1. Pull out the extension gain between residue 59 and residue 278, defined as 0.36 nm times the separation in residues minus the alpha carbon to alpha carbon distance; nm, one decimal.
2. Between residue 264 and residue 66, what is the label-point separation in nm under the 7 Å Cα-to-beta-carbon projection?
3. Once each part is reduced to its C-alpha centroid, what is the distance from segment 277-349 to segment 202-228 in angstrom?
4. Within the set 225/257; 257/353; 188/257, which residue pairs have Cα atoms separated by over 20 Å?
5. Calculated FRET efficiency, residue 96 and residue 142, Cβ-Cβ r, R0 60 Å, to nearest 0.05?
6. What nm value, rounded to one decimal, do you get for the distance between residue 31 and residue 257 when each label is placed 7 Å out toward the C-beta?
7. Can you compute the FRET efficiency between residue 355 and residue 203 using 1/(1 + (r/R0)^6), with r the Cβ-Cβ distance and R0 = 22 Å? Round to the nearest 0.05.
8. If R₀ is 41 angstrom, what is the calculated FRET efficiency for the pair residue 312 and residue 114, using the beta carbon separation as r and rounding to 0.05?
Amino acid sequence: MTGLKAKAAAAAEEEKNLKEELDQQKSRTFELSKKEVQYNVLNRELTSSRDLLENVLKQMKETSLAVESNSSNVSIVDYASVPKSPSFPRKKLVVLVGLLVGIGAGLTLGFLINYLDNTIRTPEQLADQLALPSLGVVPSFALENLPSVPGGPEQARGASTRPGLGKEIIRIEESDSAMPLVYVQAPKSLAAEAYRTIRTGILMSRAGEPPRTILVSSAQSSEGKTTSSVNLAACLASAGGRVVLIDADLRRPSICKHFGLDPHLPGLVEVITGQRALHEVYLKEKIRRVTLIPSGAIPPNPAELLGSLEMASLIDQLASEFDYVLIDSPPVLPVTDSVILSRYVDGVVLVIKGASTPRRVVTDARNRLKAVGANILGAVLNDVDVTGGDYYYYNKYYHSYYRTEGEANRPTGTAPRV
């Protein structure tokens, strides 16, 4: 019995030891499993690193083989030398190209401006584009420093006593004149010669006998028709004719103002309405052989007065008394006065400001006059810059001619003035 208990105790002890050993084996098995997982991870990393290393080694070998196979066949023939001048920019070429481009751009711009310019600049444009004969070209007074506002009686008297004028001498009354009468004040100027040309053109504009009743007008205002009228009157008078100048601008009269006269003087309106006799409104001796008829009081119905039978009869009466009747009238386009008067005269002279008046405006004025059967004698290009390309030779030869004439008339031994 005692032996069985001892065996049972021994067996229990052995069983206990076996359980402890079993637990130890289980713990070792778990540790081995963890290490196996780590081993597998490390093994995969090792395999991947080996594959990467093999690829790198393979690429290195391929690169070295490619470099060794591409052997260079370049040999140095000569060493480069330092240039003495820069290869860029090429200044001469740049300057030449810039010059050509500038000339081309300038010519293109010039042609474009000329194409877009719709004004009248030359007599050729009058004839070709407007079918109007050119009577002459009046240069700008400023080109020769001609007086646009005279300096008073002394200047007027000086003009009347200037030597060498011959039969064209004209006396201006000693008054406070404000009219630019360049035909008298500067008889050898380009402007004075231009008015002589216009006078010839007017006198030769009609076959048989020259026109005696002449209407001076313009397409629009501020084109110089009054200045042209006064200078033409003086020019016609210098040829020996008796001239009467009528201020028929009953809306904006200007002749009295330019001659420094009282604007309230009786004139054309009072004669037409029967308030004054014709001889009572004459203003004589302002310019020799030129009689002025002012406009008179500004009426409420200027067109009706100018279109009346009394006005037509007055023009006929003046034509029988004087050699030339000049009528300074309003512009054609703003009012109808000039169109009405054009029916009573022998011819109409249109004054056009050069490089200023649009062609369409002149065309409209011409068409209005033609519509009533007016006889347009021609057109005058006024206030033109004759120093430009279109008139260069005209200006050059004129001054050359007068310089030669002055040297021929100079006494022997007299030095020319500088």
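Read the figures in this text as sums done on the coordinates, not as results from a lab. Keep in mind that what you see is a predicted model, and the values were worked out from it rather than measured. Ideal geometry is used to build each Cβ from the backbone, glycine not excepted, and the neighbour counts take in all protein chains shown.
1. Values: separation 219, 0.36 × 219 = 78.84 nm, distance 12.43 nm.
Length gained between residue 59 and residue 278: 66.4 nm.
2. My value for the distance between the label points is 11.2 nm.
3. 13
4. On the way: 225/257 15 Å; 257/353 22 Å; 188/257 26 Å.
Distance filter (> 20 Å) returns 257/353; 188/257.
5. Details: r = 40 Å, r/R0 = 0.67.
The pair residue 96/residue 142 has a calculated efficiency of 0.90.
6. 13.0
7. Numbers: r = 28 Å, r/R0 = 1.26.
After rounding, the FRET efficiency stands at 0.20.
8. Numbers: r = 45 Å, r/R0 = 1.10.
Result of the calculation: an efficiency of 0.35.
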